[in-house]
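Q: Take a look at the following structure, please.
The values are calculated or read from the model by the stated rules, or taken from the named source; none is laboratory data. Keep in mind that what you see is a predicted model, and the values were worked out from it rather than measured. All Cβ positions, glycine included, derive from the backbone under ideal geometry; neighbour counts span all protein chains shown.
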Amino acid sequence: MATFVSEKLSRLFINVRQVPQLLGPLSPSTVSSSEVPKVFWKPYIHTGYRPVQQTWRYYFSTLFQQHNEAINVWTHLVAALILLLRFQQLSQRVDFGQDLHSQPLLIIIAASITYLTFSSLAHLLQAKSEFWHYSFFFMDYVGVAVYQYGSALGHYYYAIEPSWHERVRGFYMPAAVLLAWLSCAGSCYAKYRYHQSARLLGRLCQELPSGLAYLLDISPVVHRICTAPPSARPDPALLYHKCQVLFFLIGAFFFSHPYPEKWFPGKCHFFGQSHQIFHVCLVLCTLAQIEAVVLDYESRRHIYSALQGDLAHNFSVLCLFTVTCSVLTAAYMARKVKNKLGFKEE
C-alpha cells in the first residue's frame, strides 16, 4: 500500500513540474520588429514582438509570457473578471429578469465586459498573421461600439437631469446608435486603408466619430455636474462620474500621443507604453462609471422612472441593432482584408 501511494505521489509531482512547460511558450519567445511584417510595428517599439504563423496554442500560451502586448492583455482581462464578480454581487439584490428599469444597467455591464474581453483577445491573438491581426482588431472595434452605446444608454437612462432630457430626448439615442456604428466603421476603415500610410487621415477616421460619440454620451453627466447645487450631503455618484471623466480624458491623451516611448525610444518595449497607460486609464474610467451608474440606479428611481416610462425594451432593441450593424461591418471589412491579402485557410 505504501509503495502504491508513493508511486502515485511521484507521478503527481512529475505532472506538477510539467505545468510550467505546458503553459510556457511553444516557440522562441519574442523577436525584433525586423522579423515581423510591418503591420505589427508600433512606433518606437523595436522588440518584444511574437513570431507570426505559430499555432493557436502558442499564442494562448503567451498569456503567461513577457512580450510587448502582455500588459494590454492583462489590464483588460483582469478588469473583465472584476466586472463579472461585480455583476454576480449585483444579481443578489437586483432582479434583472423582472425589473424593467434594470435592463439598461444590465446592458452597460454586459457591454463593458464585452469590450474588455474583445480587447484582451485582440491583443493576445492578433500576432497569428496579418489577416488575423486585422480581424481581431475589427472585433475589438465592435466591442468599443457596443460599449459606447451602453455608456450612452446608462447616462441617458439613469444620470440625466430632467432639464437636459427635455432638450435631447428627440435625438440622443438614435444619434448614439449612429455614432457608435460610425466609430466602428471608421476604425475598421482606418485600420484597413491607412494603417501603414496617411496616419493623419487614419486618425481622423478613427478618432473623429469616437470623439463625437463621447461628447454626446457624456453630455448628461457633464450637465449634471455643472448644474448640481451645492449640498451639505455630497452625491457619491457624482464623485464617481467626475472620476470617470478625468480618467477618460487622461486616457484619450495617451491614446493619441506616443508618450513616454517617444521620449525614451528603445526603453519601453515591455512596460511604460502609451497604449498600456491608456488601457489602465480606460479600466479605471469603466469601473468608476459602473459604480456611478449603479448608485444612480439605486437612488434616482423616482427621476428616471418618470422620465423613461416603459422605454427600456426599445433601448434593448436599439442595442441589438447596434451590435448587428457593427458585426456586419467588421465582417465585411475582414472579407476585404482577406481578398486584399489573398488569404487562404489551411
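Q: Check whether at least one residue in segment 126-136 is in a helix (DSSP H, G or I), in contact with a Phe, Trp or Tyr (Cβ under 6 Å, 6 or more places away or on another chain) and buried (at least 20 other Cβ atoms within 10 Å of the Cβ), and report yes or no.
A: Yes.
Q: Please state which one of Phe96, Phe60, Phe87, Phe118 is of a type in the set (Phe, Trp, Tyr) and assigned to a loop (DSSP other than H, G, I, E, B).
A: Matching residue, one of Phe96, Phe60, Phe87, Phe118: Phe96.
Q: Now for a different question. Against the conditions (1) out of contact with any His (no Cβ under 9 Å at 6 or more places or on another chain); (2) surrounded by fewer than 18 Cβ atoms within 10 Å (Cβ to Cβ); (3) closer than 26 Å to Ser151 by Cα, where does Asn339 fall short? Just the number, please.
A: (3)
Q: Can you pull out the residues in segment 112-144 that are farther than 21 Å from Gln65 by Cβ and over 9 Å from the mean Cα position of the chain (by Cα)?
A: Result: Glu130, Phe131, Tyr134, Ser135, Phe138, Met139, Val142.
Q: Right, here's the next one. I'd like the full set of residues that are under 27 Å from the mean Cα position of the chain (by Cα) and of a type in the set (S, T, N, Q), limited to segment 297-324.
A: Hits for segment 297-324 are Asn314, Ser316, Thr322, Thr324.
Q: Considering segment 192-218 alone, what residues qualify as being crowded, with 19+ Cβ neighbours inside 10 Å and either touching a residue at least 60 places away in the same chain (Cβ under 8 Å) or under 22 Å from Trp164 (Cα atoms) (or both)?
A: Ser210, Ala213, Tyr214, Leu216, Asp217, Ile218, listed by residue number.
Q: Identify the single condition in (1) under 24 Å from Ala79 (Cβ atoms); (2) part of a loop (DSSP other than H, G, I, E, B); (3) in contact with an Asp or Glu (Cβ under 9 Å, 6 or more places away or on another chain) that Pro260 does not satisfy, given that it satisfies every other one.
A: (3)
Q: Which one of Leu318, Leu246 is in a helix (DSSP H, G or I), under 30 Å from Phe136 (Cα atoms) and free of Cβ contacts under 8 Å to residues at least 40 places away in the same chain?
A: Of the residues listed, the single one that is in a helix (DSSP H, G or I), under 30 Å from Phe136 (Cα atoms) and free of Cβ contacts under 8 Å to residues at least 40 places away in the same chain is Leu246.
To keep it simple, each residue is scored yes or no on (1) among the basic types (Lys, Arg); (2) over 30 Å from Arg301 (Cα atoms); (3) at pLDDT below 95.
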| site | (1), (2), (3) |
| --- | --- |
| Gln53 | no, yes, yes |
| Ile82 | no, no, no |
| Gln88 | no, no, no |
| Phe131 | no, yes, no |
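Q: Please verify whether segment 294-302 includes one or more residues that are surrounded by 15 or more Cβ atoms within 10 Å (Cβ to Cβ), basic (Lys, Arg) and under 30 Å from Ser91 (Cα atoms).
A: yes
Q: On to the next question. Identify all residues within segment 265-280 that are assigned to a loop (DSSP other than H, G, I, E, B) and in contact (Cβ under 8 Å) with a residue 40 or more places away in the chain; write none if there are none.
A: Across segment 265-280, the qualifying residues are Pro265, Gly266, Cys268, His269, Phe270, Phe271, Gln273.
Q: Is there any pair linking a residue in segment 158-185 that is polar (S, T, N, Q) to one that is assigned to a helix (DSSP H, G or I) and crowded, with 16+ Cβ neighbours inside 10 Å, with Cβ under 7 Å and at least six apart or on different chains, and which?
A: From residues that are polar (S, T, N, Q), the pairs are Ser183/Val144; Ser183/Ala145; Ser183/Gln148; Ser183/Pro209; Ser183/Ser210; Ser183/Ala213.
Q: Here are some conditions: (1) part of a helix (DSSP H, G or I); (2) out of contact with any Leu (no Cβ under 9 Å at 6 or more places or on another chain); (3) surrounded by 17 or more Cβ atoms within 10 Å (Cβ to Cβ). Asn68 meets all but one. Which one does it not meet?
A: Result: Asn68 fails condition (1) only.
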